[in-house]
Every structure is written in structure tokens, then in C-alpha cells.
Amino acid sequence: MILAAQQPNYIPWIGYFNKIFLCDVFVVLDEVKFVKDSVIQRNKIKNSQSQELRLTIPVLKGNTKIKEICIDNRQNWRRKHWKSIFYSYSKCKNWGFIGYDLEEIYKRDWNNLCDLNMEIIKLILEKLNIRTKIIFESEIKGDLGFKNERLINLCKSFNADTYLSGIGAKAYNDEDMYNKENIKLAYQDFTPPIYIQKHNNFIPNLSIIDLLFNEGRNSIDIVKKSGEIKYTTQVDELS
């Protein structure tokens, strides 16, 4: 069984959903410390002028866990974000693939950032036909520890024999710790896909909603084929 874990990001990029597709259990790290001005509260789309546009959810100040972060609703962020999404993509031929469902989410009142992010993530997973089991870290009883220990204990909680990491974490992963627990350490070998995008200039690494509005149902295959699992020895051979 393969387990992966990551924070509940806002309208995440394609690689986020490819990682979920590659694993059997995906743990939402809602117990870790919130990092301000990160992808947990912001992401990028391509606007009607064919430029990058960053959408950021304002949050109330707090040095706390992700699951406890409250949105600053004194600012009219929902209207601003939805207008930006609508004017950027409403003329795309695949608007109906997710546009109306996404609009319903933005119409609702939201106080908790994690709740909003997960509602959007679950909608996108449904559209991509990805059925991976999703678990919140906060649902797991006991002290999981920190860093590598935390991830190893998550694997133990679900009898997972493999932990799937992002390649960017390779320098921080302690392979010996995983080996001692008979857990394989694997990496997501992800290549940002090139797809049909409105206007001529292609902008990579945007929120996945850019792909969904431009490619519609084709997004399912694009996401699933954009990355694969590489084990430690294979990654070492590539480097």
C-alpha cells in the first residue's frame, strides 16, 4: 500500500492531483503549522489578458495549525476570486465541466480555510475520477512525532509499506529511518504537462482549474499520465 501526505492547498496545481492518483491513501496534513503567504492560501490562474494572476485568500492572524486558520471575511475575497475566475475562463468551451459546480462553492459562506480548500479539492477529484482514500491527519489518534518520524508513523497507521514523497523533499528524507521500519521510500516523478491553453503563450504550473477549463474531460488522462512513481534507487540513477 502506498501512502502520501500533503497540506490542504488552495486550488492546487496539477502535480498535487497526480500524487493523489498515484497513492492508495492520501493524508491531509491539517495538524501542521500554517505557513502564511504559501500555496495553502493562494495560487495562480491565467487571466483574460493572458497573464498570470495570483488569487490570495486573506486570513486572520494566528500562529496555529492549518485546521484552525480562519478566513478574514472583512474583505470581499469570494466575489473578487469568482469574478477573476469567471472573466478568465467563462468563454472556454469546457466551462461547463466544472464552472457551475465551482460557482456554487464560491457562493457559500466560508470561515475555515481548510474546509474551503478541501471542498474544492474533493470537487476536482470527483471530476478527475480519482477515488483515492482521503484521511485527515487530525482524525488519527496519538502523537505522530515530527518530520520523518511523523510520516513513518502515518504509514504504520495504515499498514502502508511505501511512502510517496515529492522530489523536492529528497534532501530532507532520512532513508535509513524508513529502511529500519521496512517502509519503502518512493518519489513522484512529475513533469508539468503541456496542454491546450487559451491564447498563444503557454504558462506552466498554474492551478489545475486552468487545465480543467481548457481541456475538460481530457484532463483526466492528462493528470494521470503526468507523473509516475520512482523508488530511491531509480531517483539516484536519474540524478
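Summary table below
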| read-out | value |
| --- | --- |
| Residue, surrounded by the most Cβ atoms within 10 Å (Cβ to Cβ), within the range 28-63, restricted to residues that are under 21 Å from Pro193 (Cβ atoms) and charged (D, E, K, R) | Lys46 |
| Candidate set from the range 201-220 (those that are out of contact with any Pro (no Cβ under 9 Å at 6 or more places or on another chain) and farther than 19 Å from Gly96 by Cα); member that is surrounded by the most Cβ atoms within 10 Å (Cβ to Cβ) | Leu206 |
| Failed item, numbered, when Val25 is tested on (1) of a type in the set (Val, Ile, Thr); (2) farther than 16 Å from Pro192 by Cα; (3) touching a helix residue (DSSP H, G or I) at 6+ places or on another chain (Cβ under 8 Å); (4) surrounded by fewer than 23 Cβ atoms within 10 Å (Cβ to Cβ) | (3) |
| Meets criteria (of a type in the set (Gly, Ala, Ser), under 19 Å from Ile20 (Cβ atoms) and in contact with a Gly (Cβ under 9 Å, 6 or more places away or on another chain)) for Gly168 | no |
| Inter-residue pairs, beta-carbon under 8 Å, first closer than 30 Å to Glu215 by Cβ and in contact (Cβ under 8 Å) with a residue 40 or more places away in the chain and in the range 170-195, second of a type in the set (Lys, Arg) and assigned to a loop (DSSP other than H, G, I, E, B), 6+ apart | Tyr187/Lys170 |
| Criterion: of a type in the set (A, V, I, L, M), closer than 27 Å to Phe21 by Cα and either in contact with a Lys or Arg (Cβ under 6 Å, 6 or more places away or on another chain) or modelled with pLDDT of 95 or more (or both) - qualifying residue of Ile71, Ile105 | Ile105 |
| Residue within the range 64-74 that is in a helix (DSSP H, G or I) and crowded, with 18+ Cβ neighbours inside 10 Å present | yes |
| Residue identified as at pLDDT below 95 and crowded, with 16+ Cβ neighbours inside 10 Å among Lys170, Lys127, Lys198, Lys141 | Lys198 |
| Those residues of the range 99-127 which are farther than 21 Å from Val39 by Cα and not acidic (Asp, Glu), in sequence order | Gly99, Tyr100, Lys107, Arg108, Lys127 |
| 2 or more residues touching a Ser or Thr at 6+ places or on another chain (Cβ under 9 Å) and under 30 Å from Ser90 (Cα atoms): qualifying helices (runs of 4 or more DSSP H) within the range 150-239 | 208-215 |
| Which numbered condition Phe146 misses (of (1) under 30 Å from Met177 (Cβ atoms); (2) in contact (Cβ under 8 Å) with a residue 60 or more places away in the chain; (3) hydrophobic (A, V, I, L, M, F, W, C)) | (2) |
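The values are calculated or read from the model by the stated rules, or taken from the named source; none is laboratory data. Please read all numbers here as calculations on a predicted model, not as lab measurements. Reconstructed Cβ throughout: ideal geometry from the backbone, glycine too, with neighbour counts over all protein chains shown.
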